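This report refers to the structure that appears directly beneath it.
Every read-out reported here was derived from the displayed coordinates using simple, explicitly stated rules and does not represent laboratory data. Keep in mind that what you see is a predicted model, and the values were worked out from it rather than measured. Here Cβ is always computed from backbone atoms with ideal geometry, including for glycine, and neighbour counts include all displayed protein chains.
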């Protein structure tokens, strides 16, 4: 697979950031990257996870650009360059996942109307959860890819117990305070890097971007975010509309994922009428698309092959 490592700390040719206003007026940071050369493969709307920004995936964007795809993304409200909810800008906070969902559906409508097909939506982690939520709520692209989707959160007391605890903690104090102080999950024994990727250089790229733009930096979530995450994942996993969601879907699952529950994602995949699953073992942590080359190359090849089959060029 061709290397696009030179773009890990710089934008691909023609890529640019602009602003987009959500229906309620919230200012969202938008990213667009045109296809390379004369080829026009179609349009991808890619969304990252909690605390992410598109800069983490620039290397991947460059790959798709070279293949003829136009790539668009936006920072979720409350993170990246799209403002903050909490007084402490490092806290990952949201009022409700419904706000994320409204933003996504409105953005998708604008984007799909203005870009050439086929239209593909891709989401990683929280982005994967919100992409699937949008699909059952009526968004209809030509194909979808869910990467390590956040369809279940790890909790020693289960989804119901974890949701109840988060709701209690949000009531007992400031709901916008850090739910925990360090790392991606409470009491993690592994380092943050070990939870995300085995590739130290790609992990360092994220740190580099955060150090060069302090507005992108974000720490752990608030108790309010945790409460809303448990509520939204529970509701989606039990939504009867999953069985009627006809958009061809590819799901990439890291079975050793310590941030989201792979078992829950596989159960949801089984409920979808048209879902192809690609599994990764201990060789992959949570960020499959930012893993070491053997994992990452296999994942990208699976996505490219799926899109060639299910969302061919017009």
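In plain terms, the residue of 308, 257 with the fewest other Cβ atoms within 10 Å comes first and the most crowded comes last, giving 308, 257.
If one takes the longest principal axis of the Cα atoms in the chain, at what angle in degrees, from 0 to 90 and to the nearest 10, does the Cα axis of helix 262-271 lie? Approximately 60 degrees, to the nearest ten. Rounded to the nearest 500, the helix-only mean residue ellipticity at 222 nm of the chain stands at -11500 deg cm²/dmol, with each DSSP H run of n ≥ 4 adding -39,500 (n - 2.57).
Per residue, the Cα convex hull of region 93-225 amounts to 154 Å³. Say R0 is 41 Å: what FRET efficiency, to the nearest 0.05, do residue 95 and residue 38 get from their beta-carbon distance? After rounding to 0.05, the efficiency reads 0.35.
A Förster radius of 45 Å combined with the Cβ-Cβ distance from residue 109 to residue 194 puts the calculated FRET efficiency at roughly 0.70. With each label modelled as a point 7 angstrom along the Cα→C-beta vector, the residue 297-residue 2 pair spans 1.6 nm.
First check a/c for region 1-74, with a ≥ b ≥ c the square roots of the eigenvalues of its C-alpha gyration tensor; if it is under 1.5, answer rounded, and if not, answer prolate when a/b is larger than b/c or oblate otherwise. Note, shape of region 1-74 comes out prolate. Calculation over all alpha carbon pairs of region 49-93 in 10 angstrom steps from 0 returns a P(r) of 27, 41, 22, 9, 1 percent. With the simple model of a label 7 Å out from the Cα in the direction of the Cβ, residue 267 to residue 168 spans 2.2 nm.
Within region 16-310, antiparallel bridges make up roughly 30 percent of the DSSP beta bridges whose residues both belong there. Fewest-first ordering of 275, 33 by other beta carbons within 10 Å of each residue's beta carbon gives 275, 33. Shape class for region 52-147, computed from the alpha carbon gyration tensor (a ≥ b ≥ c): oblate, with a/c not under 1.5 and a/b at or below b/c. Between 0 and 90 degrees, the angle of helix 223-237 with respect to the longest Cα principal axis of the chain falls at about 60 degrees. Overall form of the chain: rounded. Here a/c, set by the Cα gyration tensor axes a ≥ b ≥ c, is under 1.5.
Axis of helix 126-136 versus longest Cα principal axis of the chain: the two differ by about 70°, to the nearest ten degrees. Inter-label distance, residue 9 to residue 201: 1.2 nm, where each label sits 7 Å from its Cα along the C-beta direction. Relative contact order of region 16-310, taken over Cα pairs closer than 8 Å and 6 or more residues apart, is 19 percent.
Going from the fewest other Cβ atoms within 10 Å to the most, the residues 207, 54, 300 appear in the order 207, 300, 54.
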